[in-house]
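The values are calculated or read from the model by the stated rules, or taken from the named source; none is laboratory data. Because the structure is a prediction, the values reported are computed rather than measured. Note that we place each Cβ from the backbone using ideal geometry, even for glycine, and neighbour counts take in every protein chain shown.
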Amino acid sequence: MITPRRLPARCAGIVTPFVLSLLMTFVVSAVSTARGVGFTPGFLSLWISAWGLSWLIAFPTLLMMLPIVRRITALIVEPPTR
């Protein structure tokens with residue numbers, strides 16, 4: 001069996017917000033679209049459009065905000081003990 005190639009560990013700082021933004025915008029845009037228009041015949045098309053726009057905003061925002069969120073988290077949470 002061939003094992004798929006994996007990205008190097010240094011890519012985790014980009015891959016994590018990438019995956020998080022995909023999943024979060026997927027769910028939030030579905031809820032928002034359903035709330036706004038209901039499950040109409042055009043729901044899927046509207047949702048995919050909303051998802052794409054949401055992701056285009058969310059991914060760069062996550063990249064910019066992640067260092068701030070890490071600092072805030074460090075102020076709130078005790079560091080791990082070894």
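A search for C-beta distances below 7 Å between a residue of the range 56-72 that is among the basic types (Lys, Arg) and surrounded by 12 or more Cβ atoms within 10 Å (Cβ to Cβ) and any residue that is at pLDDT 95 or above and outside any helix (DSSP H, G or I), counting only pairs 6+ apart in sequence or on different chains, returns nothing. All of (1) surrounded by fewer than 11 Cβ atoms within 10 Å (Cβ to Cβ); (2) assigned to a helix (DSSP H, G or I) hold for Pro41 with one exception: (2).
Just so you know, in the range 27-38 the residues that are surrounded by fewer than 14 Cβ atoms within 10 Å (Cβ to Cβ) and not charged (D, E, K, R) include one that is nearest to Leu7 (Cα to Cα), and it is Val27.
Yes/no per residue for (1) within 14 Å of the chain's Cα centre (by Cα); (2) among the polar types (S, T, N, Q):
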{"residue": "Ile2", "(1), (2)": "no, no"}
{"residue": "Pro17", "(1), (2)": "yes, no"}
{"residue": "Leu20", "(1), (2)": "yes, no"}
{"residue": "Phe26", "(1), (2)": "yes, no"}
{"residue": "Ser49", "(1), (2)": "no, yes"}
{"residue": "Leu56", "(1), (2)": "yes, no"}
{"residue": "Pro60", "(1), (2)": "yes, no"}
{"residue": "Ala74", "(1), (2)": "no, no"}
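Has the range 50-57 got at least one residue that is in a helix (DSSP H, G or I), among the hydroxyl-bearing types (Ser, Thr, Tyr) and either in contact with a strand residue (DSSP E or B) (Cβ under 8 Å, 6 or more places away or on another chain) or within 18 Å of Ala12 (Cα to Cα) (or both)? The answer is no; no qualifying residue exists.
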